[in-house]
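The values are calculated or read from the model by the stated rules, or taken from the named source; none is laboratory data. Since this is a predicted model, take the numbers as computed values, not measurements. Please note: Cβ atoms are built from the backbone with ideal geometry, for glycine as well, and neighbour counts cover all protein chains shown. Heavy atoms of the whole protein, side chains included, go into the accessibility calculation; ligands, DNA and RNA do not. Shrake-Rupley method; radii C 1.70, N 1.55, O 1.52, S 1.80 Å.
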Amino acid sequence: QVQLVESGGGLVQPGGSRRLSCAASGIIFSVYDMSWYRQAPGKQRELVAAITSDGSTNYEDSVKGRFTISRDNAMNTMYLQMNSLKFEDTAVYYCNAHYDRSYYRRRVYDYWGQGTQVTVSS
């Protein structure tokens, strides 16, 4: 029943902008820490940006100042605004939802979307 669906990927020119969305269902979205990962061909998956349930954000160094992560709890949606895109940003971008229930009986919930392709090319 849990679903994370990414959208907004596509072809964009260097220096251009793109906004990714991650629509979540089947979870209490507001309690989850959310994040964007990406994986380029032949490379390891890396964390791009994260936003906690409290709204705190963190960014990978290479995207600082260019990308903005946000969330709309009322819409159960997370976003990644990508500006000043570079060739190196080309990757499949994945949505992640993470919840660590530390009280009572500890249980970790971790979900992934299927990814959306972002290609930066001239």
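Only a single item in (1) within 15 Å of Val118 (Cα to Cα); (2) of a type outside the set (S, T, N, Q); (3) open to solvent by 60 Å² or more (accessible area, probe 1.4 Å) is not met by Tyr79, and it is number (3). Can you work out which of the residues in the range 101-116 that are modelled with pLDDT of 95 or more and open to solvent by less than 60 Å² (accessible area, probe 1.4 Å) is farthest from the chain's Cα centre (by Cα)? Step by step, filter the range 101-116, then rank; the result is Tyr109. Against the test of being touching a residue at least 60 places away in the same chain (Cβ under 8 Å) and more than 18 Å from Val5 (Cβ to Cβ), the options Ser56, Ser84, Ser62, Ser35 yield a single qualifying residue, Ser84.
Can you pull out the residues in the range 12-27 that are closer than 22 Å to Asp100 by Cα and either free of Cβ contacts under 8 Å to residues at least 60 places away in the same chain or within 14 Å of the chain's Cα centre (by Cα) (or both)? Selection gives Cys22, Ala23, Ala24, Ser25, Gly26. Taking Leu80 as the residue in question, decide whether it is in a strand (DSSP E or B) and under 24 Å from Ser122 (Cα atoms). For Leu80, the condition - in a strand (DSSP E or B) and under 24 Å from Ser122 (Cα atoms) - is met.
Just one of the listed residues (Ser56, Ser17, Ser122) is open to solvent by 50 Å² or more (accessible area, probe 1.4 Å), at pLDDT below 95 and at negative phi, and it is Ser122. For the range 55-91: of the residues being among the acidic types (Asp, Glu) and under 14 Å from the mean Cα position of the chain (by Cα), which is nearest to Ile28 (Cα to Cα)? Going through the qualifying residues, I end up with Asp72. Apart from one condition, Gly42 fits all of (1) open to solvent by 10 Å² or more (accessible area, probe 1.4 Å); (2) in contact with a helix residue (DSSP H, G or I) (Cβ under 7 Å, 6 or more places away or on another chain); (3) among the small types (Gly, Ala, Ser); the exception is (2).
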